[in-house]
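Asker: Please find one structure pasted underneath; my questions will follow.
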Amino acid sequence: MYRRILLPIDLGHVASNDKVISIAVEMARHWQGEIHAVTVVPPISSMVAPYLPQSVEMDTVHDVEARLTDLLKASIPDDIKVSLRVVEGAVYHEILHEAKKWQADVIVIASHKPELGDYLLGSNAAKVVRHAPMSVFVVRL
């Protein structure tokens with residue numbers, strides 16, 4: 001049923017990753033599926049970019065990709081097929097774009113307990129749930 005599992009990972013919230021990864025692994029095992037992990041890097045502000053070396057953006061993506069690779073190697077057993085991608089942009093938009101592009105059956109996403117700002121602006125997980133054309137499994141932390 002859920003053979004293509006998109007797993008958005010926020011490397012800034014290390015504590016949440018173990019729980020959401022373990023659930024994605026169990027889903028992949030249950031349905032003989034595969035996991036596609038994605039991390040979104042915010043774009044560098046156009047106000048700051050002229051003052052930074054041109055390689056900063058590429059170096060950042062490579063660093064994030066290495067951190068994501070290490071996390072997945074440590075957290076996902078070898079019997080589960082896994083791929084990864086680091087993209088740049090707005091978090092919820094890029095998650096939805098990657099899910100459609102990869103033709104995911106389900107998105108497994110972590111979500112913290114709502115705070116005041118989330119009620120006013122909405123969390124990334126809430127936006128993904130609201131706009132995703134496929135099932136979304138929200139892991140409450």
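Rule-based calculations on the coordinates, nothing more; no lab input. If you're wondering where the values come from, they're calculated on a predicted model, not measured in any experiment. Here the Cβ is made from the backbone with ideal geometry for all residues, glycine too, and neighbour counts use every protein chain on show.
Asker: Express in whole angstrom the spacing between the alpha-carbon centres of the range 65-108 and the range 11-42.
Answerer: Between the Cα centre of the range 65-108 and that of the range 11-42, the gap is 7 Å.
Asker: Pairs of alpha-carbon atoms within less than 8 angstrom and 6+ residues apart define the contacts here; what relative contact order does the chain have, in percent?
Answerer: Relative contact order, the chain: 32 percent.
Asker: Could you give me the percent of Cα pairs per 10 Å distance bin for the chain, shortest bin first, beginning at zero and ending with the bin that holds the maximum distance?
Answerer: For the chain, the pair-distance distribution reads 11, 41, 34, 12, 2.
Asker: Another question, if that's okay. So how do 52, 11, 96 line up by other beta-carbon neighbours within 10 Å, fewest first?
Answerer: Exposure proxy ranking, most exposed first: 52, 11, 96.
Asker: Continuing with this model, one more query. I need 23, 109, 44 ordered by Cβ neighbour count within 10 Å, fewest first.
Answerer: Starting with the residue having the fewest Cβ neighbours, the order is 44, 23, 109.
Asker: Within a 10 angstrom radius of the beta carbon, how do 1, 134 rank from fewest other beta carbons to most?
Answerer: Ascending Cβ contact count within 10 Å gives the list 1, 134.
Asker: Here's something else I'd like to know. Name the residue farthest towards the positive end of the dipole of the range 4-140 from the options 48, 84, 124, assuming +1 on Cβ of Lys and Arg, -1 on Cβ of Asp and Glu, about the Cα centre.
Answerer: 124
Asker: Could you point to the residue in 75, 15, 134 farthest towards the positive end of the range 4-140's charge dipole, with +1 and -1 charges on the Cβ of Lys/Arg and Asp/Glu respectively?
Answerer: Of the listed residues, the answer is 134.
Asker: Once the Cα gyration tensor of the range 42-117 is diagonalised, what are the square roots of 5 times its eigenvalues, in whole Å and ordered largest first, as equivalent ellipsoid semi-axes?
Answerer: 26, 19, 14
Asker: Hey, got the dipole for the chain? About the Cα centre, +1 on K and R Cβ, -1 on D and E Cβ, debye to the nearest 20?
Answerer: Details: 14 positive and 17 negative charges, 109 e Å.
In debye, rounded to 20, the chain gives about 520.
Asker: Let me ask something else about it. Name the helices (complete DSSP H segments) of the chain with a Cα length along the long axis of 20 Å or more and a Kyte-Doolittle mean of at least -1.0, or state none.
Answerer: 14-30, 55-75
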